[in-house]
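One structure is given here, and the rest of the page talks about it.
The values are calculated or read from the model by the stated rules, or taken from the named source; none is laboratory data. Please read all numbers here as calculations on a predicted model, not as lab measurements. Counting neighbours? That spans all protein chains shown, and the Cβs are built from the backbone with ideal geometry, glycine included. Only protein heavy atoms, including side chains, enter the accessible area calculation; ligands, DNA and RNA are left aside. Shrake-Rupley method; radii C 1.70, N 1.55, O 1.52, S 1.80 Å.
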Amino acid sequence: MRKLLLAFVALALGLAFAQVRTWDQIKRSGEVRIGTEGAFPPFNYFDEKNQLTGFEIDLGNALVAKLGVKPRWIAQAFDTLLIQLNQGRFDFVIASHGITPERAKAVDFTNPHYCTGGIIVSRKGGPKTAQDLAGKVVGVQVGTTYMEAAQKLPGVKEVRTYQKDPDALQDLLAGRLDAWVTDRFVAKEAIKERKLEGTLQLGELLFQEKVAMAVAKGNKTLLSALNQALADLMKDGTYAKISQKWFGEDVRCR
Ligand code: ARG
């Protein structure tokens, strides 16, 4: 009876506190759990067949293949990803996180897998510069560097936050926002994909950032395995091929 009870408690604890695994433990299990969001095209999103796809999915799969393990993708809300990472829910996260000093206190970042920036998007005739945003309503995804940047702009009337980035685009198109701040590649892709060239315009780049994968704080063995695999893909042409497929250019930091 006592044994059974103990087994139960152990099981419950195991479920409640999935553990942070070293690269050795991951390798022995044969499977790496990767956290992402799935609502940030063209980086990570669900396509019309409800398949997780995008630049980061291709890159993540290539990395894991290089490491000789199988991927298990887990999609969760963006603003919960780094917390769940430290709880051991995934082994690493690839979801377009810009490296910021604040995040770097909580998790460890790999070398960047691309470089980009936050850009202003508005309807034709709308605000294009940081100055133009004075007195305006700006939409951003919650927990992002765009939110941080928008909140720092002087004179903005309101920064409205959205659980998912495409919801801000919807509100911009519906006239409920004056501007949307998002990733420059995301904005470009949304305009092209939805044929909004005649409706929307791109404005000023508000900031630039280095985007990287994250592991739980202190997971050194996994961090170096990922960095090694990324460097290999950047050298052997795989990275260039994947980048070309999604952007028609090489988006690595230089
Ligand atoms: N690059 C921005 C940041 O670091 C946005 C990332 C959003 N990612 C996503 N999967 N929605 O905060």
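If I model the range 122-173 as equal point scatterers sitting on the Cα atoms and use the Debye formula, what is log10 I(q)/I(0) at q = 0.16, 0.31 Å⁻¹?
At q = 0.16, 0.31 Å⁻¹ the computed log10 ratios are -0.42, -1.30.
Between residue 142 and residue 106, how many nm apart are label points set 7 Å from Cα along the C-beta direction?
1.3
Report, in deg cm²/dmol and to the nearest 500, the calculated mean residue ellipticity at 222 nm for the chain, where each DSSP H run with n ≥ 4 adds -39500 (n - 2.57) and the sum is divided by the residue count. Don't skip to the end; give the middle numbers.
Numbers: 10 runs with 101 residues, N = 254.
That calculation yields -11500 deg cm²/dmol at 222 nm.
Across 5 Å bins from 0, what is the distribution of all Cα-Cα pair distances for the chain, in whole percents?
For the chain, the pair-distance distribution reads 1, 6, 13, 17, 17, 15, 11, 8, 6, 3, 2, 1, 1, 0, 0.
Please work out the average accessible area per residue across the range 110-212, using the 1.4 Å probe convention, and give it in Å². The partial results should precede the final answer.
Details: 4710 Å² over 103 residues.
Accessible area per residue: 46 Å².
Just reorder 213, 234 by solvent-accessible area, largest first, 1.4 Å probe, all chains present.
Details: 213 0, 234 50 Å².
Largest accessible area first, the list is 234, 213.
As a quick test, which of the pairs 128/210; 192/235; 217/245; 49/245 have an alpha carbon distance above 28 angstrom in this structure? Before the final figure, lay out each step's value.
On the way: 128/210 23 Å; 192/235 30 Å; 217/245 32 Å; 49/245 19 Å.
Over 28 Å Cα-Cα: 192/235; 217/245.
Could you tell me what % of all Cα pairs in the range 44-147 have separations over 21 Å? Kindly include the intermediate steps, with their values, before the conclusion.
Values: 2603 of 5356 pairs.
Of the Cα pairs, 49 percent sit more than 21 Å apart.
Determine the shape class of the range 141-254: with a ≥ b ≥ c the square roots of the Cα gyration tensor eigenvalues, call it rounded for a/c under 1.5, and otherwise prolate if a/b is greater than b/c, oblate otherwise.
The shape class here is oblate.
Accessible area of the chain with a 1.4 Å probe: how many percent of it is carbon plus sulfur? The partial results should precede the final answer.
On the way: 6870 of 12710 Å².
For the chain, the apolar C and S fraction of the accessible surface comes to 54 percent.
Based on the Cβ-Cβ distance of residue 83 and residue 210, what FRET efficiency does E = 1/(1 + (r/R0)^6) give at R0 = 22 Å, to the nearest 0.05?
Numbers: r = 22 Å, r/R0 = 0.99.
So, using R0 = 22 Å, E works out to roughly 0.50.
Helix 2-16 versus the longest principal axis of the chain: what angle, 0 to 90°, nearest 10, using Cα atoms?
Roughly 20 degrees, rounded to the nearest 10.
Could you sort 243, 29 by accessible area so the largest value comes first, with the probe set to 1.4 Å?
Numbers: 243 0, 29 60 Å².
In descending accessible area the options line up as 29, 243.
Determine the shape class of the range 36-86: with a ≥ b ≥ c the square roots of the Cα gyration tensor eigenvalues, call it rounded for a/c under 1.5, and otherwise prolate if a/b is greater than b/c, oblate otherwise. Don't skip to the answer; put the middle values down first.
Numbers: a/c = 2.03, a/b = 1.11, b/c = 1.83.
Since a/c reaches 1.5 but b/c is at least a/b, the shape of the range 36-86 is classed as oblate.
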